[in-house]
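Asks: Mind having a look at this structure? Questions to follow.
The values are calculated or read from the model by the stated rules, or taken from the named source; none is laboratory data. Computed from a predicted structure; not experimentally measured. Positions of Cβ are generated from backbone atoms using ideal geometry, with glycine treated the same way; all protein chains shown enter the neighbour counts. Heads up: the accessible areas ignore ligands, DNA and RNA and are worked out on the full protein's heavy atoms, side chains in. Shrake-Rupley method; radii C 1.70, N 1.55, O 1.52, S 1.80 Å.
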Amino acid sequence: MQYANLFLAGLFQAAILFLVACGLQLIFGVQKVVNLACGSFYALGAFFAITAVGLLHQWQMPMIFLVPALVLSGVLVGTVGAPLELLLRPVYRRDPSYQLLLTFGLLLMFQDVFRFFWGAAPRSMDSSLYGIYGTIDISGLQIPVYNFLVIGASILIAMILGLSLKRTRIGRIVRATAENRNMTEALGVNSSKVFTMVFTLGCILGTVGGALVIPTSAASMTMAAELVVEAFAVVVIGGLGSMAGAAVGAIIVGLMRAFAVSLAPEVEILSIYLVVVVVLLIRPVGLFGRSAS
Amino acid sequence: MLNVSELTVDIQGSRILRGISLEVRAGELVCLLGRNGAGKTTTFRSLMGYLRPVSGRISWEDKDLARLSTWQIAQLGIGFSPEESEVYADLTVEENIELPTWTRTCGRPAAERISEAYRIFPKLERYRKRGGAELSGGERKMVSIARALALDAELLLLDEPFEGLSPAIIPLVAEGVAAIRQSGKAIVMAESNLHHVPDYIDKLVVIERGEIIYTGSLSGALGDVEVMKIIAGAVDAEPQT
Ligand SMILES: Nc1ncnc2c1ncn2[C@@H]1O[C@H](COP(=O)(O)OP(=O)(O)O)[C@@H](O)[C@H]1O
Ligand SMILES: [Mg+2]
């Protein structure tokens, strides 16, 4: 059952992609900034996780804590989003091209940060850790339990995020700010604080995504740019600003990628962008996007 | 309570307000009357901190509002219902009205503020669970005013509360405004149509081309030929009956 294997691999990719795309959507939805640096947060999460797992080893912690440790390290390093949000403040009310330039600048700066702290060569952690939670036999194939944990964690995060936005006070304030920042200010909301919070949360989603991918693949200098390409495909397919769109887009791109890598590796990116083109032709706002009115 | 003196405001290099002075005392209902484009919305947007004045002072009790951000001004107890209502489409009526009780927690308990808002606009009670996008213009206007009220503001700025509403709904909004005033809150209401100015206002302020040309009673304005020339123009713009 090769296809079952590919399907699960695709879902794993989708789970990771969803986290990063979710951060992108959240930041775009509220701040109206397309964060090109989302890939850098993903890579930052990955590099930092390798250091964190090293510490786990050093402190001789049981490796059963791998997933919580990865998530925690992602959350910790994602808080760099808070000071970085200050950099974006001058461009919120300016032309989107300034925002793109600035976040692209961040992307480039992060490359040097990675080189400085972790060196230019790809870094990976002890590959045995991938199997630490054992495997599940699915029609003769051994699938690491780790994959299921990540898929589960991603679904859980999606549900918590969705419910918080829908039902909590702060979630409603965030949605109000997304819809009409000026009005929200007139109702006593310090929207700068909301922006800092949302941007930090968006970054954390990216860094957690990067941290969770690290048992399965190396952290490298190219991963930021590669992820930006995929995350944008997700967002364009799903619709800019939509959480449901991020989920569906991530599943489409994740599955496409997994199948393409194995069946026709030379057209991997091409196949993803073919879907993008088709969606743009049929439904330019994306599957779940709202048309501008 | 609110004291505006010699307020001058530019938008994109052109002078929109030219030395406006205005005073609102506690519990007063002031009507800011002026034709379209006279500068009423600009006055409100300056009071709310969206626009920075070139010169002049805006003081609230003894604080200088011109230095504060919009959210800080709201926190001091100034509620704003903008011309376009600006009800959140993504939130229900209930959520729209409750939001300011989460953000401004000083003042009276939230439950009291919310029930007051529904008491003043009883029609909204039935729409509690309805989305902000599924309301008529009049309902949106009521939600917008109810929401400003739920901030537990001492002063409400209502920008053209009757503008664009159907004749059937205007009395409902007018009753709401009267009831808010009864409860002792101060109101500044912008209006472009003399017919909509309630006869129980405490003070009429007439604005024309960014300048205040009259401050006084409604009856005084009706007897002033120069003022009538300008505000009757607004009346003449309406279809003759
Ligand atoms: N954003 C803007 N850019 C340029 N001019 C503006 C802007 N907003 C308002 N104005 C001008 O300011 C003047 C006053 O507008 P406004 O305060 O909206 O009047 P009112 O509310 O009394 O109808 C008008 O001449 C209008 O054209
Ligand atoms: Mg106006």
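Asks: Taking 0.36 nm per residue of separation and subtracting the Cα-Cα distance, what length does fully extending A:PHE117 through A:LYS32 add? Mind dumping the intermediate values first?
Replies: Values: separation 85, 0.36 × 85 = 30.60 nm, distance 3.14 nm.
Answer, rounded to one decimal: 27.5 nm.
Asks: Taking the Cα centre of segment B:50-151 as the origin, how large is its charge dipole in debye, to the nearest 20, when only Lys and Arg (+1) and Asp and Glu (-1) carry charge on their Cβ atoms?
Replies: Its charge dipole is roughly 120 debye.
Asks: Using amide H atoms built in the peptide plane, which far-off residues or other-chain residues are under 5 Å from B:LYS203 H to H?
Replies: Amide H neighbours of B:LYS203, under 5 Å, 5+ apart: B:LEU29, B:CYS31.
Asks: I'd like to know how segment A:156-209 sits against the 2.2 N^0.38 Å rule of thumb: what's its Cα Rg over that expected value?
Replies: Details: Rg = 11.8 Å, N = 54, 2.2 N^0.38 = 10.0 Å.
Dividing the Cα Rg of segment A:156-209 by 2.2 N^0.38 Å gives 1.18.
Asks: Using Cα centres only, tell me the gap between segment A:129-199 and segment B:131-191 in whole Å.
Replies: 37 Å
Asks: Which percent of the Cα-Cα distances in segment B:138-232 go past 22 Å?
Replies: Numbers: 1423 of 4465 pairs.
Roughly 32 percent, once rounded to a whole number.
Asks: How big is the Cα convex hull of chain A in projection, averaged over all directions, in nm²? List each step's numbers first, then the result.
Replies: Working: hull surface 64.9 nm².
If I average the Cα hull's projected area over directions, I get 16.2 nm².
Asks: Please calculate the 1.4 Å probe accessible area of A:ASP137, with all protein chains present, and give it to the nearest 10 Å².
Replies: 90 Å²
Asks: When the helices in chain A are scored as -39500 (n - 2.57) per DSSP H run of 4 or longer and the sum is shared across all residues, what 222 nm value do you end up with, to the nearest 500 deg cm²/dmol? Working shown, then result.
Replies: On the way: 12 runs with 210 residues, N = 293.
Value at 222 nm, helices only: -24000 deg cm²/dmol.
Asks: Related question: Project the alpha carbons of segment B:2-231 onto their principal axes and report the range along each, largest first, in whole Å.
Replies: If we take the Cα atoms of segment B:2-231, the spans are 48, 39, 32 Å.
Asks: Would you please give the residues with an amide H less than 5 Å from that of B:ILE169, counting only those at least 5 places away or on a separate chain, with H modeled from the backbone geometry?
Replies: Answer set, sorted by chain and number: none.
Asks: Which percent of the Cα-Cα distances in segment A:74-137 go past 18 Å? Let's see the in-between values first.
Replies: On the way: 1213 of 2016 pairs.
Value for segment A:74-137: 60 percent of Cα pairs lie more than 18 Å apart.
Asks: For the pair B:SER69/B:SER183, report the inter-label distance in nm, with labels modelled 7 Å from Cα in the Cβ direction.
Replies: 2.8 nm
Asks: Once you have the alpha carbon radius of gyration of segment A:79-208, what is it after dividing by 2.2 N^0.38 Å, with N set to its residue count?
Replies: Working: Rg = 20.0 Å, N = 130, 2.2 N^0.38 = 14.0 Å.
Compactness ratio reported: 1.43.
Asks: In nanometres, what is the gap between the two model label sites at B:ASP90 and A:HIS57, each 7 Å from Cα along Cα-to-Cβ?
Replies: In this crude label model, B:ASP90 to A:HIS57 measures out at 4.4 nm.
Asks: Go ahead and run the numbers for FRET between A:LEU281 and A:PHE65, Cβ-Cβ distance against an R0 of 41 Å, rounding to 0.05. Don't jump to the answer; show the numbers that get you there.
Replies: Details: r = 48 Å, r/R0 = 1.16.
That gives a FRET efficiency of 0.30.
Asks: Still on this model: Using a ≥ b ≥ c from the Cα gyration tensor of segment A:200-239 (square roots of the eigenvalues), is it rounded, prolate or oblate, where a/c under 1.5 gives rounded and otherwise the larger of a/b and b/c decides, a/b for prolate? Don't skip to the end; give the middle numbers.
Replies: On the way: a/c = 2.08, a/b = 1.34, b/c = 1.55.
Oblate shape, in that a/c is at least 1.5 and b/c is the bigger or equal ratio.
Asks: Now, a different point. Restricting to the protein assembly as shown, what percent of DSSP beta bridges are antiparallel, rounded to 5? Could you put the intermediate results ahead of the total?
Replies: Numbers: 26 of 44 bridges.
Percent antiparallel among DSSP bridges in the protein assembly as shown is about 60.
Asks: Using the Karplus curve 6.51 cos²θ - 1.76 cosθ + 1.60 with θ = phi - 60°, work out ³J(HN,Hα) for each residue of segment B:88-103 in order, rounded to whole Hz, and write x for Gly and Pro.
Replies: 5, 6, 7, 10, 6, 4, 4, 5, 4, 6, 7, 3, x, 6, 7, 8
Asks: I need the phi-derived Karplus couplings for segment B:30-38: 6.51 cos²θ - 1.76 cosθ + 1.60, θ = phi - 60°, integer Hz, Gly and Pro marked x.
Replies: The phi angles translate into 10, 10, 9, 9, x, 5, 4, x, 6 Hz.
Asks: Using a cut-off of 14 Å between beta-carbons, work out the net charge of the residues near B:SER219 (Lys and Arg +1, Asp and Glu -1, B:SER219 not included). Intermediate results must be reported in sequence, preceding the final value.
Replies: On the way: positive: B:LYS203; negative: B:ASP199, B:ASP202, B:ASP224.
Result for the local shell: -2.
Asks: Taking only Cα atoms and a 10 Å spring cutoff, compute GNM fluctuations for chain A and point out the largest among A:GLY188, A:GLY238, A:GLY23.
Replies: Most flexible of the set in this elastic network: A:GLY188.
Asks: Per-residue HN-Hα couplings for segment A:158-174, Karplus 6.51 cos²θ - 1.76 cosθ + 1.60 at θ = phi - 60°, whole Hz, x for Gly and Pro?
Replies: Values, residue by residue: 4, 5, 4, 5, x, 5, 5, 5, 7, 10, 8, 4, 5, x, 5, 5, 4 Hz.
Asks: With springs only between Cα atoms under 10 Å, which of A:LEU205, A:LEU274, A:LEU255 fluctuates most in a Gaussian network model of chain A?
Replies: Evaluated over chain A, the most mobile residue of the options is A:LEU274.
Asks: With only Lys, Arg, Asp and Glu charged, each at its Cβ (+1 for the first two, -1 for the last two), find how big the charge dipole of the protein assembly as shown is about the Cα centre; round to the nearest 20 debye.
Replies: Details: 43 positive and 45 negative charges, 135 e Å.
In debye, rounded to 20, the protein assembly as shown gives about 640.
Asks: What distance in nm lies between label points placed 7 Å from Cα along the C-beta direction at B:TYR200 and B:ASN3?
Replies: Each label point is offset 7 Å from its Cα along the Cβ direction, giving 2.9 nm.
Asks: Continuing with this model, one more query. What whole-number distance in Å separates the alpha-carbon centres of segment B:96-128 and segment A:233-276?
Replies: With segment B:96-128 and segment A:233-276 each reduced to a Cα centre, they are spaced 45 Å.
Asks: Follow-up question, since we're still on this one. With a cut-off of at most 15 other beta carbons within 10 Å, and DSSP calling the residue loop, which trypsin sites (Lys or Arg not before Pro) in segment B:140-241 qualify? Please list them. If you can, show how the numbers build up before the last one.
Replies: Details: sites: B:ARG140, B:LYS141, B:ARG147, B:ARG181, B:LYS185, B:LYS203, B:ARG209, B:LYS229; in loops: B:LYS185, B:ARG209.
Filter output for segment B:140-241: B:ARG209.
Asks: What number results when the radius of gyration of segment B:73-118, computed over Cα atoms, is divided by 2.2 N^0.38 Å? Can you show the working numbers first?
Replies: Details: Rg = 11.0 Å, N = 46, 2.2 N^0.38 = 9.4 Å.
Rounded to two decimals, the normalised Rg is 1.17.
Asks: Along its three principal axes, how long is segment B:4-49 when you only count alpha carbons? Whole Å, largest extent first please.
Replies: Principal-axis extents of segment B:4-49 (Cα, largest first): 36, 21, 17 Å.
Asks: Bin all alpha-carbon pair distances of the protein assembly as shown at 20 Å intervals from 0 and give each bin's fraction as a whole percent.
Replies: Percent of Cα pairs in each bin: 20, 42, 26, 11, 1.
Asks: Let me understand segment A:1-67 better: what is its radius of gyration from the alpha carbons, and its Dmax, in angstrom?
Replies: 16.2, 45
Asks: Now for a different question. Name the long-range amide H neighbours of B:LEU68: under 5 Å, sequence gap of 5 or more, or other chain; modelled H, no Pro or chain starts.
Replies: Amide H neighbours of B:LEU68: none.
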